[in-house]
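Working notes, beginning with the structure itself.
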């Protein structure tokens, strides 16, 4: 997964190619309420992606991102 390093709130993504693919796969299996934004939120919640701002003290605490 490649994501930018958000410096402003406007730069924080709400979906990714992976969340879109996951959403499509789950919908094909019959799941509901699994849109790309919801799947991206899940990915954030379990630590797959870190969307904290670059200057945030929380940036990198998921173990996914290195602090710049």
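Summary table below
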{"item": "Complete set of residues in segment 32-49 that are free of Cβ contacts under 8 Å to residues at least 24 places away in the same chain, within 22 Å of residue 8 (Cα to Cα) and outside any helix (DSSP H, G or I)", "result": "47"}
{"item": "Residue satisfying all of: in segment 6-31; part of a loop (DSSP other than H, G, I, E, B) and touching a helix residue (DSSP H, G or I) at 6+ places or on another chain (Cβ under 8 Å); modelled with the lowest pLDDT among these", "result": "13"}
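The values are calculated or read from the model by the stated rules, or taken from the named source; none is laboratory data. Model, not experiment: these values are computed from the prediction. Cβ sites come from the backbone with ideal geometry, for glycine too, and all protein chains shown count toward neighbours.
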